Amino acid sequence: MTDTKTPTPRDAFELLLAGNQRFLAGTPEHPHQDATRRAQIAPAQKPFAVLFGCSDSRLAAEIIFDQGLGDLFVVRTAGHVGGAETLGSIEYGVSVLDCPLVVVLGHDSCGAIAAACAAADGGHVPAGFVRDVVERVTPSVLAARAAGRHQPEEILAEHIERTVDLLLERSRVLADRVAAGQAAVVGLSYRLADGSAQLVATRGIDAAVPAVS
């Protein structure tokens, strides 16, 4: 992304999806990964999107969306669970760096979601701070099941959408930007096997959300 003009939320969304399509097709361009780009952004950064995703090692944002240095402001936690530090980081990306798009990125075969499902079924609950991660995911599991959605992909979609809404509920900065049309929040579900990012939820831009399959 160039540093001359801030894109609209839709422009940023389409730019991100275009990169994923290149990655999916096996034709990545690897933009903004050379010495020229490194020197260009050394004085300041102007990423076009905040990417809040799971810490899973298979979810490297710049790779799966075919972006480079200075393009994405990335925040990652296990199970993309949010706390004060996470919200502060996202707000920094939106209010200070002027990112017009926030993306919540989840994925199939997520260990945090699997652990939360096991815990909800009366199984073992991890010790230490991993327990805190599982407890933050568990409400999504319970909400999905209460709505009759029991398949793994349905629970994942529920967790992604709940995370999108949680960001807007807890962050006045983000909610105000979305209300003013200055930013959008979308939820994407990444498929590990084929590399595709499927739209699950959108707030602030109109886009068709396909049925979970």
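The values are calculated or read from the model by the stated rules, or taken from the named source; none is laboratory data. Here the structure is a predicted model, which means the values were calculated and not measured. Quick reminder, even Gly has a Cβ in these numbers, built from the backbone with ideal geometry, and neighbours come from all protein chains shown. Side chains included, ligands, DNA and RNA excluded: accessible areas come from the protein's heavy atoms. Shrake-Rupley method; radii C 1.70, N 1.55, O 1.52, S 1.80 Å.
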Subject >> Hey, residue 95 in contact (Cβ under 8 Å) with a residue 40 or more places away in the chain and open to solvent by 20 Å² or more (accessible area, probe 1.4 Å) or not >> reply: yes
Subject >> Pairs, first under 12 Å from residue 49 (Cα atoms) in region 1-21, second at pLDDT 95 or above and of a type in the set (Lys, Arg), C-beta under 8 Å, six or more apart >> reply: 1/46; 6/46
Original post:
Do you know which residues across region 165-213 are charged (D, E, K, R) and either out of contact with any Leu (no Cβ under 9 Å at 6 or more places or on another chain) or within 27 Å of residue 85 (Cα to Cα) (or both)?
Top reply: 165, 169, 170, 172, 176, 177, 191, 203, 206
**OP:** Collect the residues in region 26-58 that are within 14 Å of the chain's Cα centre (by Cα) and under 14 Å from residue 16 (Cβ atoms), keeping them in residue-number order.
**Re:** 48, 49, 50, 51, 52, 53
Original post:
When residues of region 1-22 are filtered for being of a type outside the set (Phe, Trp, Tyr) and modelled with pLDDT of 95 or more, how many remain?
Top reply: 14
Original post:
Which ones in region 102-134 are surrounded by 15 or more Cβ atoms within 10 Å (Cβ to Cβ), in contact (Cβ under 8 Å) with a residue 40 or more places away in the chain and assigned to a loop (DSSP other than H, G, I, E, B)?
Top reply: 110
Original post:
Got at least one residue in region 172-188 being modelled with pLDDT of 95 or more, assigned to a loop (DSSP other than H, G, I, E, B), more than 21 Å from residue 89 (Cβ to Cβ) and of a type outside the set (Gly, Ala, Ser)?
Top reply: no
Original post:
Can you spot a residue in region 172-185 that is more than 26 Å from residue 71 (Cβ to Cβ), among the aliphatic types (A, V, I, L, M), in contact (Cβ under 8 Å) with a residue 40 or more places away in the chain and touching a Pro at 6+ places or on another chain (Cβ under 8 Å)?
Top reply: no
Subject >> Looking only at region 167-200, and only at residues there that are β-branched (Val, Ile, Thr) and touching an Asp or Glu at 6+ places or on another chain (Cβ under 8 Å), the one that is most open to solvent (accessible area, probe 1.4 Å) >> reply: 173
Original post:
Looking at 136, 145, which one is out of contact with any helix residue (DSSP H, G or I) (no Cβ under 6 Å at 6 or more places or on another chain) and within 12 Å of residue 79 (Cα to Cα)?
Top reply: 136
**OP:** Only one of these is at pLDDT below 95 and under 20 Å from residue 202 (Cβ atoms): 82, 128, 123. Name it.
**Re:** 82
